[in-house]
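Asks: Before I ask anything, here is the structure I am working with.
The numbers here are math on the coordinates, done by the rules we state, and not lab data. This is a predicted model, so every value here is computed, not measured. In this analysis, Cβ positions are derived from the backbone assuming ideal geometry, glycine residues included, and neighbour counts consider all displayed protein chains.
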Amino acid sequence: MIRNNKKLSLTTIIALLLTIMAFFTVFNLQVIAQEGIDNNEKALAVINGEIITLENFEQFWELIPDSYKAQLNKEDILEQLITQTLLIQKADELNLREDPEIAFQIKNAVDQILIQSLLQKEIIEKTNLSDEDIEMYYEENKDNYWQEEEIHALNILVESRDQAEDIINKLNEGEEFSSLARDFSISSSAAEGGDIGFITKGTLKAEIEEKLFILNPGEISEIIPIENGFHIFKVLEKKPSGYLELEIVKEEIRYQLLPLRQQEAFDKYLEEIEEKAIIEKNIDLLTD
C-alpha cells in the first residue's frame, strides 16, 4: 500500500486517541480491522492482512468529534487508523494483552463501557418527562419562580454635582441620554450608551432604588449622590413583580427535573437487581 505524504505528528495522534477514547471508548479498532471481508464490502485499506472496510470506516467517521472533522479530512483519519492498526499489531507482537496489569485495565475499560451502555439503554432512554410532569413540578415549587420587580434603565455616572447638573440641563434641552452617557459617564456602561440592562429590585443600594423604582418608562431620575459620584438614570421598561410564566421556565424545569427522575429510576432499578442477587461479603479480608 502507498500511503500519502501527509504524516500526523505524535502529538496529534495522542490527542486524537485521547479524544476518541474519552468520547467513544466503546468503539474498538479490532471491530474495524478484520481478517475477513464479506463480498459486498469494500476494502479501504489492508495492513499486514488486517482489513479496514469502507462501511466500518464510515461508522468510525461518524464518531469523530466535529472539532477534529474541521481540522482533518477522511484521508487524514484513514492514515490515523492505519497508524493505530500498526501500533496495535506491534503491541500484539509483544503480547501486551497478556500482561496482568494491562489485562486488568482492558477489563475495567470494558466493564465501564458495559455499565455506561446499560444505563443509557435502561435508564436514560426510558426516563421521560411529560408536559404534565413539568406543570406539576412548577405548581409544587412555584415560589422558586417568583420574580421581583425589574426595570430596564440607562445610567450616567459623573464625579461632581456640577457635572450632573450640567447633564440634567442638556437633557432638558433635548439631548439624547445615551449620547451624553457615551460622552461624559465614567461608568463601565458608558460604551453601551449607559445601558445597564434589567435590574431586579433588591440588588442596588437602597438610596438608589428608592429614587429609581418610583419612575415610569421614559422618566429621568433626579441626581442621586453616592460615595464615588453622582448618578442619573432613565427608565426604559418596567416589569412588575410576579410569578414567571410556565412557558418561560419550562426548559429550566426540564433541565433540573430530568436528572432527578433519572436518579430515582436508577435507584429503583439497582434495588430490584440487588433483591434478586446473591451477594456474599468477607469484610475481614479488607485491611487498612
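Asks: How would you classify the range 87-161 from its alpha-carbon gyration tensor, with a ≥ b ≥ c the square roots of the eigenvalues: rounded for a/c under 1.5, else prolate if a/b is greater than b/c, otherwise oblate?
Replies: oblate
Asks: Here's another thing I want to ask about it. Sorted from largest down, what three extents in whole angstroms do the Cα atoms of the chain have along their principal axes?
Replies: 87, 60, 49
Asks: Can you give the relative contact order of the chain as a percent, counting alpha carbon pairs under 8 Å and 6+ residues apart?
Replies: Details: 284 pairs, mean separation 47.0, N = 288.
16 percent.
Asks: Between residue 172 and residue 207, take the C-beta separation as r, use R0 = 35 Å, and let me know the FRET efficiency to the nearest 0.05.
Replies: Efficiency for this residue pair is about 0.90.
Asks: OK, next. Can you give the helix-only mean residue ellipticity at 222 nm for the chain, where every DSSP H stretch with n ≥ 4 adds -39500 (n - 2.57) and the sum goes over all residues, rounded to the nearest 500 deg cm²/dmol? Could the numbers behind the result be given before it?
Replies: Details: 11 runs with 141 residues, N = 288.
Result for the chain: -15500 deg cm²/dmol, rounded to the nearest 500.
Asks: Given the Cα-Cα distance of residue 105 and residue 70 and 0.36 nm per residue of separation, how much length would full extension add, in nm? It would help to have the intermediate numbers written out before the result.
Replies: On the way: separation 35, 0.36 × 35 = 12.60 nm, distance 3.19 nm.
So the extension gain works out to 9.4 nm.
Asks: Relative to the longest principal axis of the C-alpha atoms of the chain, give the angle of the C-alpha long axis of helix 74-93, reported between 0 and 90° and rounded to the nearest 10°.
Replies: 50 degrees
Asks: Also, quick follow-up: Whose amide H sits under 5 Å from the amide H of residue 51, counting only residues 5 or more places off or on another chain, with H placed in the peptide plane?
Replies: Amide H neighbours of residue 51, under 5 Å, 5+ apart: 34, 35.
Asks: Mind checking the range 252-288 for trypsin sites (Lys or Arg not before Pro) that DSSP puts in a loop (not H, G, I, E or B) and that have at most 11 other Cβ atoms within 10 Å?
Replies: 281
Asks: Using only Cα atoms and rounding to the nearest 10 degrees, what angle (0 to 90) does helix 161-172 make with the longest principal axis of the chain?
Replies: 90 degrees
Asks: Label residue 139 and residue 62 with points 7 Å out from Cα along Cα→Cβ: what is the distance between them in nm?
Replies: Between residue 139 and residue 62, the label points sit 4.2 nm apart.
Asks: I need the shape label for the range 249-288. Rule: rounded when a/c is under 1.5, else prolate if a/b > b/c, else oblate, with a, b, c from the alpha carbon gyration tensor.
Replies: It comes out oblate by the Cα gyration axes.
Asks: How many angstrom separate the Cα center of the range 245-260 from the Cα center of the range 37-89?
Replies: Each part's Cα centre sits 41 Å from the other's.
Asks: Here is a follow-up. Give me the angle, in degrees from 0 to 90, between the Cα long axis of helix 10-24 and the longest principal axis of the Cα atoms of the chain, rounded to the nearest 10.
Replies: Helix 10-24 sits at roughly 80 degrees to that axis.
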